[in-house]
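One structure is given here, and the rest of the page talks about it.
We did not get these values from a lab; they are worked out from the coordinates using the rules stated. Model, not experiment: these values are computed from the prediction. So basically every Cβ, Gly included, is an ideal-geometry build from the backbone, and we count neighbours across all protein chains shown.
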Amino acid sequence: MKNTKTNTLSTIILILLALAYFYLESTEDKSTSIPSIEAQTTNTAHATVHDYFERRVSGEMVRVTAKVSRLLSDDIHKPRHQRFIIELDTGITVLIAHNIDLAPRVKDLGEGDMVSITGQYEWNERGGVIHWTHHDPKKRRDGGQIEHKGVVYQ
């Protein structure tokens, strides 16, 4: 009888461990995965963002290198954002909203400058917005960044 109880208990423990493993695998935070744009050409990265725009996709992390086409005034309402527009090779423009309450301001940014941006794309009818270009202060997810003239702002 003791052997039967031990076998039953062992079976229950194995089932619980398997369930816990599958639960943890299925709840992994997939919002932090960044498409493998980094290993692709800039044109491919632009096409990916353009595809998200065409399909009205939001919430995807992207990496893109593009030219600053226009500087905008800061959004001064908390949280404050440094704002500028980039233009992709595909012709669409994307607003960059860089949280300057959580990350340093991109210094000496000018129209025509090249920037490499990692952040979360959000669709809108004007081309979209990339935000979350900074670290996560609560360390719950991967953050983004902006690289300009060899300096990384995150």
Checklist entry - HN-Hα J couplings of the range 118-123 from phi, Karplus 6.51/-1.76/1.60, θ = phi - 60°, integer Hz, Gly and Pro as x? => result 10, x, 9, 8, 10, 6
Checklist entry - With Cβ to Cβ distances under 11 Å as the rule, what net charge do the other residues near residue 81 carry (K, R +1; D, E -1)? => result +1
Next on the checklist: Give me 140, 80 sorted ascending by neighbouring Cβ count inside 10 Å, so fewest comes first.
Outcome noted: 140, 80
Checklist entry - Based on the alpha-carbon gyration tensor of the range 58-154 and its eigenvalue square roots a ≥ b ≥ c, which shape applies: rounded if a/c is under 1.5, prolate if not and a/b is larger than b/c, or oblate? => result rounded
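Rank-order 46-59, 64-77 by packing density, defined as the average count of other C-beta atoms within 10 Å over each peptide's residues, highest first.
Values: 46-59: 16.3, 64-77: 14.1.
Those peptides, ordered most packed to least, come out 46-59, 64-77.
Shape verdict for the range 88-131, please, from the Cα gyration tensor: rounded (a/c under 1.5), prolate (a/b greater than b/c) or oblate.
Values: a/c = 2.39, a/b = 1.29, b/c = 1.86.
Here the range 88-131 falls in the oblate category.
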Item to check | Formal net charge of residues neighbouring residue 146 (Cβ-Cβ distance under 13 Å; K, R +1; D, E -1) | outcome: +2
